[in-house]
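Visitor: The structure's right below; bear with me while I get my questions together.
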Amino acid sequence: MDNMENSGRVSVKKKSSTFLLVLGWIAAVASLVRYPFIFGVFGVIMGIIATKNESRAGLPLIMASMALMAIGLIFNAVIFNYLTHFLGF
């Protein structure tokens, strides 16, 4: 009986860390287009929280968020103008 309770806790942590990873990757990609400092930091925080929930996928998210945030800080205006022109806004 004790084993069943423990396995339930592991699945809840796995689901929450997957949700955090998805949010983090969306924020990392969004940091290329708009507000790179806000979305990049959000991606890093989601990666740290996912890593603390024993998910090994949090470390690549942290590195990618920092890299995409740096690219977004440098090329934010160029990427945004290209996307608005390409999408027709």
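Visitor: Would you call SER16 under 21 Å from SER65 (Cβ atoms), surrounded by fewer than 19 Cβ atoms within 10 Å (Cβ to Cβ) and either touching a Ser or Thr at 6+ places or on another chain (Cβ under 7 Å) or modelled with pLDDT under 85 (or both)?
Guide: Details: under 21 Å from SER65 (Cβ atoms): yes; surrounded by fewer than 19 Cβ atoms within 10 Å (Cβ to Cβ): yes; either touching a Ser or Thr at 6+ places or on another chain (Cβ under 7 Å) or modelled with pLDDT under 85 (or both): yes.
So SER16 fits the description; yes.
Visitor: Would you check which residues across region 51-89 are aliphatic (A, V, I, L, M), surrounded by 17 or more Cβ atoms within 10 Å (Cβ to Cβ), in contact (Cβ under 8 Å) with a residue 40 or more places away in the chain and closer than 16 Å to VAL33 by Cβ and list them?
Guide: Within region 51-89, LEU68, MET69 qualify.
Visitor: So which residues in region 54-74 are more than 15 Å from PHE42 (Cβ to Cβ) and touching a Leu at 6+ places or on another chain (Cβ under 8 Å), if there are any at all?
Guide: SER55, ALA57, ILE71
Visitor: Follow-up. Go through region 8-50 and give me each residue that's in contact (Cβ under 8 Å) with a residue 12 or more places away in the chain and assigned to a loop (DSSP other than H, G, I, E, B).
Guide: Correct list: ARG34 only.
Visitor: Of the conditions (1) modelled with pLDDT under 90; (2) in a helix (DSSP H, G or I), LEU59 fails just one. Which one is it?
Guide: Every condition holds for LEU59 apart from (1).
The values are calculated or read from the model by the stated rules, or taken from the named source; none is laboratory data. What you see is a predicted model; the values in this text were computed from it and never measured. FYI the Cβ positions are ideal-geometry reconstructions off the backbone, even for glycines, and counts take in every protein chain you see.
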